[in-house]
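Here is the structure we will look at, set down as structure tokens.
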Amino acid sequence: MAQPPREVLAAIWRAFNQLSNARKIGLLAGLAGVIAISSYLFELSTTPQYRVLFANISEADGGAIIAQLSQMNVPYKVAEGGGAILVPSDVVYQTRLQLASQGLPKGGGVGFELMENQKFGASQFLEQVNYQRALEGELSRTIRSLQEVRDARVHLAIPRPSVFLREDQKPSASVLVTVYPGRSLDPAQVTGIVNLIASSVPELSPRSVTVVDQTGSLLSGPGEDMSASGLDSAQLKFRHRVEENIARKIETILRPIAGPDNVRAQVAAMLDFSEVEQTSETYRPNSDTKDQVIRSQQVSESNSQTPQAAQGVPGALSNTPPGAATAPLVAPPPGTNANGQPAMATTSQRDTKTNFEVDKTIRHTKGEVGTVKRLSVAVLVNYKRVVEGDKSRLVPYDDKEIAQIQNLVREAMGFDQTRGDTLNIVNAAFQAPTAEPELPFYRRPENIEWAIKAGVVGIFGLVALALVLSAMRELVRLSRPPEPVPVGAGADGGAATMEPGEEAAAEGGAESARTEEESEYERNLRLARDVARDNPRLVAQIIKGWMTGDE
């Protein structure tokens, strides 16, 4: 029959009072440990996980962000001495977008908003300093927008203008960039930063811009031309794209023959990125008159008159019969006309000059950039699989099949022997890939922190559980009612009954036995205390033997 809860609690309380002081302290310590561990686990499961909202921020930005988070009722934590702000992981991205819409963080520098608070009556020097600070801040923000750059500082050295040419100095600039771990700036990006700074400051030459990273390495110094080294990322990417395109063509055309994942192709291309321009003019005569075209024609004509001398054979007039007489009857003298004026002789001259067009050809030739100068191709083909009955085995290709594969590769790559292309085809068996051994659970980096926490909690939990179980076992043993002592059976085999006097004697004997047992326990306890006080080393050895399990 089950006992009521009140009696059970009363029995447990009586059993607790019967314990020694050491056991009472151990029981209370175990219960306190269980309560503490349970509270820690509950808090750990209910407390939200915090993630970094912003890191490596200035004090001004940190104060503005914390003030804004307080207005938004978003819980936060400050870590790394105020250099990082943490918020719950479920609102980190939403909070970051809301702060970005308000211009936070500002990046530890001021921009042209500094010019909005100009004081009335500021000197020209102060205005120039504020303008320089604002320009440095804007340039720093622009450089920080690059994916690889975490932070940037720009320092401008702008001299005061002078009316004397000899004293005129050009401005200069220095840039300190802090890149993210594992990333770096390539020469093209450094050149872009240099040109960005040079284009933002009047009369600033790219040669006067210095770029340094957080380790102090000089990325771009004065007088250094990044393009002079011949390293162009665009050209390298184009070359890599050409090589990948040819390798993909080779693998695609051989895949139906060899099967998927049975062909590997590598291409090394030598490209010519030089720019060549040529202009030529050719002149040829036009032999056919039909193709002749008049370019220019010049005509000159002149007329002149000179006095005419006496003409004819002397004496002819006397031999010629006279004509009809006309008035006047007196003939003009020789060399004159009828009016008596001297006779004039007219002379005409006409010159024509014609220029024909000459057959002229002008040819302007511009060479292609990135033409292929040479190709070196290596192709690895796996053995073919031959099925024989229920089994299959790998066998190499014969010479005829290799020749066919070689012809296909030549056509796919555009083989040209005149430019020195090379092709090498190897038929070999592929090795089966071996899986990398997976790291055990306790050696994975992402589980180290979790394993440490779980181990600490587990150790404290086991200790507390052992203490509680020991105390509960003792309480249950002491709270259990004493069993009745059986009496010898009668002659008829039944249970013998006890007289009232016999019952009292039996109870007195049990009480005396219990008192004797308690006195024996107290005597043993006192003896153990004396031994521990007189010879603590022996007691330590005994306890150590109990813990290690040695008999």
With the structure loaded, tell me whether A134 is outside any helix (DSSP H, G or I), of a type in the set (G, A, S) and surrounded by 14 or more Cβ atoms within 10 Å (Cβ to Cβ) or whether it fails that test. no
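Where residues in the stretch 356-401 are of a type in the set (S, T, Y), part of a strand (DSSP E or B) and in contact with a Leu (Cβ under 9 Å, 6 or more places away or on another chain), which of them is nearest to L236 (Cα to Cα)? Let's see the steps before the verdict.
Pass one, the stretch 356-401, residues of a type in the set (S, T, Y): 361, 365, 371, 376, 383, 392, 397.
Then drop every residue that is not part of a strand (DSSP E or B), which leaves 361, 365, 371, 376, 392.
Narrowing further to those that are in contact with a Leu (Cβ under 9 Å, 6 or more places away or on another chain): 371, 376.
Values: T371: 14, S376: 17 Å.
If we take residues in the stretch 356-401 being of a type in the set (S, T, Y), part of a strand (DSSP E or B) and in contact with a Leu (Cβ under 9 Å, 6 or more places away or on another chain), then T371 is nearest to L236 (Cα to Cα).
Go through S227, S145, S140, S199 for me and flag whichever is modelled with pLDDT of 85 or more and open to solvent by 40 Å² or more (accessible area, probe 1.4 Å).
Numbers: S227 fails: modelled with pLDDT of 85 or more; S145 fails: modelled with pLDDT of 85 or more; S140 fails: open to solvent by 40 Å² or more (accessible area, probe 1.4 Å).
Among S227, S145, S140, S199, only S199 is modelled with pLDDT of 85 or more and open to solvent by 40 Å² or more (accessible area, probe 1.4 Å).
Criterion first (out of contact with any Asp or Glu (no Cβ under 9 Å at 6 or more places or on another chain), open to solvent by 40 Å² or more (accessible area, probe 1.4 Å) and assigned to a loop (DSSP other than H, G, I, E, B)) does Q404 satisfy it? Before you say what the answer is, go through the steps one by one.
Working: out of contact with any Asp or Glu (no Cβ under 9 Å at 6 or more places or on another chain): yes; open to solvent by 40 Å² or more (accessible area, probe 1.4 Å): yes; assigned to a loop (DSSP other than H, G, I, E, B): no.
Taking the combined requirement at face value, the residue does not satisfy it.
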What number of residues in the stretch 250-259 are over 32 Å from the mean Cα position of the chain (by Cα) and open to solvent by 20 Å² or more (accessible area, probe 1.4 Å)? 4
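Name every residue in the stretch 260-296 that is part of a loop (DSSP other than H, G, I, E, B) and either aliphatic (A, V, I, L, M) or open to solvent by 90 Å² or more (accessible area, probe 1.4 Å) (or both), in order of residue number.
P260, D261, E275, V276, P285, S287, V293
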So which pairs qualify, if the first residue must be in the stretch 46-65 and free of Cβ contacts under 8 Å to residues at least 60 places away in the same chain and within 17 Å of V92 (Cβ to Cβ), the second must be open to solvent by 60 Å² or more (accessible area, probe 1.4 Å) and in a helix (DSSP H, G or I), the Cβ gap must be under 9 Å, and the two must be at least 6 apart or on different chains? P48/D90; Q49/D90; L53/R96; F54/R96; A55/E80
Which one of the conditions (1) closer than 13 Å to G62 by Cα; (2) at pLDDT below 75 does L104 fail to meet, given that it meets all the rest? (2)
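Select from the stretch 407-423 the residues that are part of a loop (DSSP other than H, G, I, E, B) and open to solvent by 50 Å² or more (accessible area, probe 1.4 Å) and list them in ascending order.
Pass one, the stretch 407-423, residues part of a loop (DSSP other than H, G, I, E, B): 414-416, 420-421.
Listed by number, the residues that qualify are F415, D416.
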Specify which of the listed residues (E116, E59, E80) is modelled with pLDDT under 70, farther than 30 Å from G458 by Cβ, open to solvent by 40 Å² or more (accessible area, probe 1.4 Å) and not β-branched (V, I, T). E116
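Working carefully through the options V468, V426, V463, find the one that is within 30 Å of R264 (Cα to Cα) and at pLDDT 70 or above. Spell out the reasoning first.
Working: V468 fails: within 30 Å of R264 (Cα to Cα); V463 fails: within 30 Å of R264 (Cα to Cα).
Step by step, each of V468, V426, V463 is checked, and only V426 is within 30 Å of R264 (Cα to Cα) and at pLDDT 70 or above.
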If you check E368 against the conditions, is it within 30 Å of A412 (Cα to Cα), at pLDDT 60 or above and open to solvent by 90 Å² or more (accessible area, probe 1.4 Å)? yes
List the residue pairs whose Cβ atoms are under 7 Å apart, where the first residue sits in the stretch 110-135 and is of a type in the set (V, I, T), the second is modelled with pLDDT of 80 or more, and the two are 6 or more positions apart or on different chains. V110/R133; V110/A134; V110/G137
Can you find a residue that is modelled with pLDDT of 70 or more, more than 30 Å from Q18 (Cα to Cα) and more than 31 Å from the chain's Cα centre (by Cα) anywhere in the stretch 432-442? yes
Positions within the stretch 259-274 being at pLDDT 90 or above and either of a type in the set (G, A, S) or in contact with a Cys (Cβ under 9 Å, 6 or more places away or on another chain) (or both), in sequence order: A265, A268, A269
Is at least one residue of the stretch 159-176 in contact (Cβ under 8 Å) with a residue 12 or more places away in the chain and polar (S, T, N, Q)? yes
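The values are calculated or read from the model by the stated rules, or taken from the named source; none is laboratory data. Remember, predicted model here, so these are calculated numbers, not experimental data. With ideal geometry, Cβ positions are generated from the backbone for all residues, glycine too; neighbour counts draw on all protein chains shown. Heads up: the accessible areas ignore ligands, DNA and RNA and are worked out on the full protein's heavy atoms, side chains in. Shrake-Rupley method; radii C 1.70, N 1.55, O 1.52, S 1.80 Å.
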